Amino acid sequence: MNVHDSERLAGLLDQAGLVPVDLVPAKAARATSAGDEGADVLVINTCSVRENAATRLFGNLGQLAAVKRERPGMQIAVGGCLAQQMGQGIVDRAPWVDAVLGTHNLDVLPVLLERARHNGEAAVEIEESLKVFPSTLPTRRESAYAGWVSISVGCNNTCTFCIVPHLRGKERDRRPGDILAEVEALVSEGTIEVTLLGQNVNSYGVGFGDRQAFSKLLRATGGIEGLERVRFTSPHPASFTDDVIAAMAETDSVMPSLHMPLQSGSDKVLRAMRRSYRSEKFLGILDRVRAAIPEAAITTDIIVGFPGETEDDFERTLDVVEASRFSSAFTFIYSPRPGTPAAGMEQVPAEVVSERYARLVELVERISTEENEKQEGATVEVLVAEGEGRKDGETSRISGRAADNRLVHAALPPNMAEADMPRPGDMVRVEVTHGAPHHLVADSALTGGTFELRRTRAGDAWAAREARKAELIAEANGKAPVSIAGSNLMIRTAGGLKAPAATA
Ligand code: SF4
């Protein structure tokens with residue numbers, strides 16, 4: 001959700017006439033070790049779901065203070081969950097911040113930057129409820145081949161460890177027609193994979209009184225011509241219904257993968273977390289998903305050391321993990337979020353939690369390795385991605401996701417000509433040769449085995465975007481550089497809002 005919000009913030013700055021710093025080599029060349037990338041306007045979009053968000057934010061801001069002193073006119077804005085929570089408190093601790101905006105009013109970013117510049121003082125605006133649905137804002141998509149599409153924002157649940165309802169508010173659902181129109185627009189630009197986003201996708205429809213709205217939406221999205229892969233995140237076990245399983249199984253383009261957050265295998269802990277399903281219901285859902293979609297890969301989130309968790313509770317989690325056969329799991333040590341009910345409960349001693357955590361990770365890795373080894377010999381179709389394989393350069397591999405969302409590193413055929421290479425967005429069919437705990441290796445091309453490349457519209461879109469970027473860099477080199485670029489956490493910008501005339 002946060003990454004997608006960053007795409008919206010970047011889109012707003014684009015519209016305001018700014019240019020991404022990576023298109024302005026002269027500006028990018030003055031990047032410092034503070035992570036500023038040479039920008040004149042820099043936006044930090046915070047996520048307080050992650051641990052130590054405040055420590056990390058003020059650590060970053062501390063480094064940026066020195067950069068700002070050296071760079072007259074530079075502006076720093078802070079948005080996201082932590083900004084929603086702290087508001088003016090951010091400027092009180094870091095007076096060199098120029099703008100602060102919350103999760104409910106992304107749209108004000110350009111106005112706040114302008115106002116701060118005009119008034120010579122920080123502009124802070126936080127709203128208590130959603131003012132503008134983010135999906136109505138302009139966007140700068142990070143990927144040419146895969147896109148996020150919000151179906152709802154906010155959450156009506158009250159999990160005691162979670163700050164999201166407090167910061168994102170009650171669930172607000174988009175109309176199905178708006179969602180489908182956005183997906184169609186993405187597909188027309190070349191996107192072949194879409195991930196439907198919501199804090200709890202299974203309660204989608206609560207706002208307009210249709211309990212089966214999510215399964216209908218899945219079927220309708222899956223029917224869009226040209227869209228090859230549909231994913232969604234996150235479902236909630238309490239409200240996961242069989243019509244969704246049927247829609248997944250019966251819609252070809254809905255991928256056989258499911259991320260189903262368990263959090264704990266102990267019913268007592270689930271109750272304390274205020275999560276209204278129990279372990280038996282959770283396992284029942286997995287059984288029904290696997291009966292309908294035998295090839296489904298199921299992943300999860302697990303919290304270790306929730307307040308009050310005993311050794312017996314923890315062993316229940318291990319039991320459920322053993323029975324669930326997750327293909328991977330995101331494991332977290334519980335850490336209190338200020339403002340949540342669980343933060344005030346009696347905490348489990350740190351040494352007990354870390355010992356349990358190590359046992360859980362060992363079990364999760366054993367199972368994911370066993371499950372991934374079962375894939376050896378299978379032929380998988382991989383959507384080639386950008387940035388998924390850190391070692392691809394050294395190993396002459398490409399990386400991407402199989403249909404079931406497993407990460408695959410695939411060898412290229414020896415001596416492949418540059419022009420024949422798969423591009424991000426293209427599909428390759430390869431055979432899995434090794435299952436590792438966190439990925440699959442598919443080196444079939446090295447021994448003359450399966451390597452079938454399918455060029456796609458998405459690959460064309462990626463290539464067109466790269467070509468356009470090269471043109472813009474060339475153009476920007478001959479002009480006074482202006483503005484922005486988006487990435488996961490920071491949106492970096494070069495130049496000021498005052499100079500839109502120089503936009504490439
Ligand atoms: S379902 Fe629970 S964990 Fe998920 S966003 Fe809502 S309150 Fe947070």
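The values are calculated or read from the model by the stated rules, or taken from the named source; none is laboratory data. For clarity, every value in this text was computed on a predicted model and none was experimentally measured. Using ideal geometry, Cβ is built from the backbone for each residue, glycine included, and neighbour counts are taken over all protein chains shown.
In table form, for the structure just shown:
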| item | result |
| --- | --- |
| Top-ranked residue in segment 371-403 [being among the β-branched types (V, I, T) and either modelled with pLDDT of 95 or more or crowded, with 19+ Cβ neighbours inside 10 Å (or both); ranked as nearest to G459 (Cα to Cα)] | V384 |
| S135 vs. criteria farther than 15 Å from E7 by Cα and among the polar types (S, T, N, Q) | no |
| Positions within segment 448-504 being surrounded by fewer than 20 Cβ atoms within 10 Å (Cβ to Cβ), modelled with pLDDT under 85, of a type in the set (G, A, S) and assigned to a helix (DSSP H, G or I), in sequence order | A474, A501, A502 |
| Residues being within 15 Å of A53 (Cα to Cα) and surrounded by fewer than 16 Cβ atoms within 10 Å (Cβ to Cβ) - total across segment 337-353 | 2 |
| Flag if V254 is away from the ligand (no atom under 14 Å from the Cβ) and in contact (Cβ under 8 Å) with a residue 12 or more places away in the chain | yes |
| Search result, residues across segment 264-292 that are buried (at least 20 other Cβ atoms within 10 Å of the Cβ), farther than 20 Å from F332 by Cα and away from the ligand (no atom under 16 Å from the Cβ) | L286, V289 |
| Breaking point among (1) within 24 Å of the chain's Cα centre (by Cα); (2) farther than 29 Å from A144 by Cα, for E37 | (2) |
| Cβ-Cβ under 8 Å pairs, at least 6 apart or on other chains, segment 317-341 side basic (K, R), far side assigned to a strand (DSSP E or B) and buried (at least 18 other Cβ atoms within 10 Å of the Cβ) | R325/I298 |
| Elements of type strands (runs of 3 or more DSSP E) in segment 193-302, at least 2 residues being under 15 Å from P176 (Cβ atoms) | 193-197, 229-233 |
| Where I126 falls short, out of the listed (1) out of contact with any Asp or Glu (no Cβ under 7 Å at 6 or more places or on another chain); (2) within 11 Å of the ligand (Cβ to nearest atom) | (2) |
| Residue tally, condition more than 16 Å from the ligand (Cβ to nearest atom), touching a Ser or Thr at 6+ places or on another chain (Cβ under 9 Å) and under 19 Å from S129 (Cα atoms), over segment 145-204 | 1 |
| Residue in segment 157-176 that is assigned to a helix (DSSP H, G or I) and within 23 Å of E225 (Cα to Cα) present | yes |
| Condition broken by S354, with the remaining ones in (1) within 24 Å of the chain's Cα centre (by Cα); (2) of a type in the set (S, T, N, Q); (3) assigned to a helix (DSSP H, G or I) satisfied | (1) |
| Residue match in segment 372-384 (condition: within 30 Å of E311 (Cβ to Cβ) and not basic (K, R)) | yes |
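Okay, residues lined up against (1) within 16 Å of D40 (Cα to Cα); (2) in contact (Cβ under 8 Å) with a residue 24 or more places away in the chain:
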site	(1), (2)
T55	no, no
G80	no, yes
Q85	no, yes
D92	no, no
P95	no, yes
V108	no, no
L112	yes, yes
I126	no, yes
L130	no, yes
